[in-house]
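**Q** Supplied in structure tokens, the structure appears directly below.
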């Protein structure tokens with residue numbers, strides 16, 4: 001859910017960032033460049049151009065430097081997302097990290113994640129990233145099927161992925177996450193089972209599963225409309241998800257969030273901030289931020305426009321939102337329900353002065369009768385059936 005827009009203005013980063021919570025913050029840095037745009041992608045990305053990338057890095061540093069806090073905020077996660085952050089040179093990465101450490105008190109044991117695509121990094125580059133403090137790699141694997149990779153517009157092969165993983169291990173990366181996509185056009189249950197078997201055999205510390213979403217205006221949507229590929233089937237995708245849960249449990253991975261699985265102790269600390277209402281500060285084009293209470297803000301989406309705004313000493317913030325108490329409560333509920341542990345209702349009452357038993361009595365009764373939720377005095381969580389129909393449950397809190 002995107003919260004209702006309550007107010008909007010162009011505000012300076014230095015004015016809006018202020019630590020409003022005792023929780024440690026997360027820092028998100030968006031790198032919008034890719035070698036080529038995937039056919040299914042609707043993110044704020046574009047093809048890599050070295051001159052623009054260099055200007056973009058300088059703009060990032062300027063934006064981070066403008067976050068003048070009365071007292072530096074504490075941060076214990078840094079996440080480089082994109083796009084393809086592994087297109088950054090080690091020197092560019094070092095420049096950005098220096099700016100972050102100058103403006104935030106970064107914990108010595110901070111989780112520093114970089115999204116990487118197979119084939120975009122050399123062993124030498126990986127060792128350089130590791131020496132600069134990157135200690136977690138989020139690996140855009142998607143599938144081990146080369147034909148499906150071509151359909152998605154990916155520029156790597158399955159062998160590229162295997163080599164990159166070996167290079168990551170050789171560079172002393174001991175916390176690696178794989179991204180897998182289910183419900184690809186024409187993908188069979190058998191092909192999906194093979195993907196899972198190969199991924200689990202490689203024993204990553206973390207797995208993220210995404211069901212393919214076909215967004216209007218993307219090349220993939222156009223190809224499906226023209227009959228080049230079959231539209232992903234919802235029933236088949238649901239069966240793939242059930243099969244995943246079965247294989248994951250057999251492999252001793254913990255299912256801690258609807259789409260995320262890990263070996264014990266390897267949850268994504270950064271992404272947990274999104275689901276638990278912790279503060280996070282985003283830098284770069286299209287980056288979003290949250291103060292941990294009621295305020296959200298978002299940056300300009302277009303890369304060139306973002307750079308222009310920063311270079312001319314203007315704010316890149318194009319939207320700010322102030323949630324009211326009901327909106328903040330609802331958002332906390334549906335984000336918290338993504339976690340398998342669910343929502344602690346006592347903590348929710350204390351934080352929002354809201355009794356959800358009274359506020360959502362009809363909805364909770366309906367979902368309870370349908371076997372989609374488990375509800376007691378202290379916790380609200382989804383059942384296995386509720387996980388499969390989670391969007392229906394979440395819609396009740398919008």
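The values are calculated or read from the model by the stated rules, or taken from the named source; none is laboratory data. What you see is a predicted model, and the numbers here were worked out from it, not measured in a lab. Note: ideal-geometry Cβ built from the backbone for every residue, glycine included; neighbour counts use all protein chains shown.
**Q** Do we have any residue at all in segment 116-132 that's within 23 Å of residue 260 (Cα to Cα), more than 17 Å from the chain's Cα centre (by Cα), in a strand (DSSP E or B) and modelled with pLDDT of 90 or more?
**A** The answer is no, given that none of the residues of segment 116-132 is within 23 Å of residue 260 (Cα to Cα), more than 17 Å from the chain's Cα centre (by Cα), in a strand (DSSP E or B) and modelled with pLDDT of 90 or more.
**Q** Of the residues that sit in segment 133-153 and are at pLDDT 95 or above and part of a strand (DSSP E or B), which one is nearest to the chain's Cα centre (by Cα)?
**A** 138
Residues are listed down the side, and each one gets a yes or a no for (1) outside any helix (DSSP H, G or I); (2) modelled with pLDDT under 90:
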position: 161; (1), (2): no, yes
position: 173; (1), (2): yes, no
position: 196; (1), (2): no, no
position: 208; (1), (2): yes, no
position: 237; (1), (2): no, yes
position: 240; (1), (2): no, yes
position: 244; (1), (2): no, no
position: 248; (1), (2): no, no
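Residues checked against (1) modelled with pLDDT of 95 or more; (2) under 16 Å from the mean Cα position of the chain (by Cα):
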position: 42; (1), (2): no, yes
position: 48; (1), (2): no, no
position: 51; (1), (2): no, no
position: 76; (1), (2): yes, no
position: 79; (1), (2): yes, yes
position: 82; (1), (2): no, yes
position: 87; (1), (2): no, no
position: 94; (1), (2): yes, no
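**Q** From 300, 331, which residue is in contact with a strand residue (DSSP E or B) (Cβ under 8 Å, 6 or more places away or on another chain), under 23 Å from residue 73 (Cβ atoms) and not assigned by TED's automatic domain parsing to the domain that holds residue 377?
**A** Going through 300, 331 in turn, just one is in contact with a strand residue (DSSP E or B) (Cβ under 8 Å, 6 or more places away or on another chain), under 23 Å from residue 73 (Cβ atoms) and not assigned by TED's automatic domain parsing to the domain that holds residue 377: 300.
**Q** Hey, another quick one. May I ask you to verify whether residue 371 is under 18 Å from residue 245 (Cα atoms) and free of Cβ contacts under 8 Å to residues at least 40 places away in the same chain?
**A** Answer is no for this residue.
**Q** Considering only segment 341-359, state which residues are more than 17 Å from residue 259 (Cβ to Cβ) and under 29 Å from the mean Cα position of the chain (by Cα).
**A** Those that are more than 17 Å from residue 259 (Cβ to Cβ) and under 29 Å from the mean Cα position of the chain (by Cα): 343, 344, 345, 346, 347, 348, 349, 350, 351, 352, 354, 356.
**Q** Would segment 153-175 turn up any residue that is on the phi > 0 side of the Ramachandran plot, surrounded by fewer than 19 Cβ atoms within 10 Å (Cβ to Cβ) and in contact with a strand residue (DSSP E or B) (Cβ under 9 Å, 6 or more places away or on another chain)?
**A** Taking every residue of segment 153-175 in turn, none turns out to be on the phi > 0 side of the Ramachandran plot, surrounded by fewer than 19 Cβ atoms within 10 Å (Cβ to Cβ) and in contact with a strand residue (DSSP E or B) (Cβ under 9 Å, 6 or more places away or on another chain).
**Q** Take residue 318 and decide whether it is surrounded by 13 or more Cβ atoms within 10 Å (Cβ to Cβ), touching a strand residue (DSSP E or B) at 6+ places or on another chain (Cβ under 7 Å) and not in a helix (DSSP H, G or I).
**A** Against the criterion (surrounded by 13 or more Cβ atoms within 10 Å (Cβ to Cβ), touching a strand residue (DSSP E or B) at 6+ places or on another chain (Cβ under 7 Å) and not in a helix (DSSP H, G or I)), residue 318 qualifies.
**Q** Which of the following residues is modelled with pLDDT of 95 or more, outside the structural domain of residue 25 (by TED's automatic domain parsing) and assigned to a helix (DSSP H, G or I): 308, 363?
**A** Among 308, 363, only 308 is modelled with pLDDT of 95 or more, outside the structural domain of residue 25 (by TED's automatic domain parsing) and assigned to a helix (DSSP H, G or I).
Rundown of residues vs (1) out of contact with any helix residue (DSSP H, G or I) (no Cβ under 7 Å at 6 or more places or on another chain); (2) farther than 25 Å from residue 35 by Cα, yes/no style:
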{"position": "59", "(1), (2)": "no, no"}
{"position": "74", "(1), (2)": "yes, yes"}
{"position": "97", "(1), (2)": "yes, no"}
{"position": "105", "(1), (2)": "yes, yes"}
{"position": "111", "(1), (2)": "no, yes"}
{"position": "116", "(1), (2)": "no, no"}
{"position": "119", "(1), (2)": "no, no"}
{"position": "140", "(1), (2)": "yes, no"}
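**Q** Does segment 285-304 contain any residue that is in a helix (DSSP H, G or I) and more than 21 Å from the chain's Cα centre (by Cα)?
**A** Yes, segment 285-304 has at least one match.
**Q** Cβ contacts < 8 Å: first residue on the phi > 0 side of the Ramachandran plot, restricted to segment 76-94; second residue part of a strand (DSSP E or B), any location; separation 6+ or different chain. Result?
**A** 83/30; 83/31; 83/33; 83/34; 83/115
**Q** Next up: Which residues, taken from segment 182-194, are farther than 12 Å from residue 241 by Cβ and not in a helix (DSSP H, G or I)?
**A** Residues satisfying the conditions are 184, 185, 186, 187, 188.
Results for (1) surrounded by fewer than 18 Cβ atoms within 10 Å (Cβ to Cβ); (2) touching a helix residue (DSSP H, G or I) at 6+ places or on another chain (Cβ under 6 Å); (3) assigned to a helix (DSSP H, G or I), shown as yes or no for each residue.
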position: 328; (1), (2), (3): no, no, yes
position: 333; (1), (2), (3): no, no, yes
position: 347; (1), (2), (3): yes, no, yes
position: 350; (1), (2), (3): yes, no, yes
position: 374; (1), (2), (3): yes, no, no
position: 377; (1), (2), (3): yes, no, no
position: 385; (1), (2), (3): yes, no, yes
position: 391; (1), (2), (3): yes, no, yes
position: 398; (1), (2), (3): yes, no, no
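**Q** Using beta carbons and a limit of 6 Å, which pairs, at least six apart or on different chains, have the first residue in segment 54-73 and assigned by TED's automatic domain parsing to the domain that holds residue 23 and under 20 Å from residue 318 (Cβ atoms) and the second one assigned to a loop (DSSP other than H, G, I, E, B) and modelled with pLDDT under 90?
**A** What qualifies is 67/17.
**Q** Return yes when residue 98 is under 15 Å from residue 168 (Cα atoms), part of a helix (DSSP H, G or I) and modelled with pLDDT of 95 or more and no when it is not.
**A** When the stated conditions are applied, residue 98 does not pass them.
**Q** If you check residue 220 against the conditions, is it buried (at least 19 other Cβ atoms within 10 Å of the Cβ) and modelled with pLDDT under 90?
**A** yes
**Q** Out of the residues in segment 262-284 that are part of a helix (DSSP H, G or I) and farther than 20 Å from residue 67 by Cβ, which is farthest from the chain's Cα centre (by Cα)?
**A** By that ranking, first place goes to 276.
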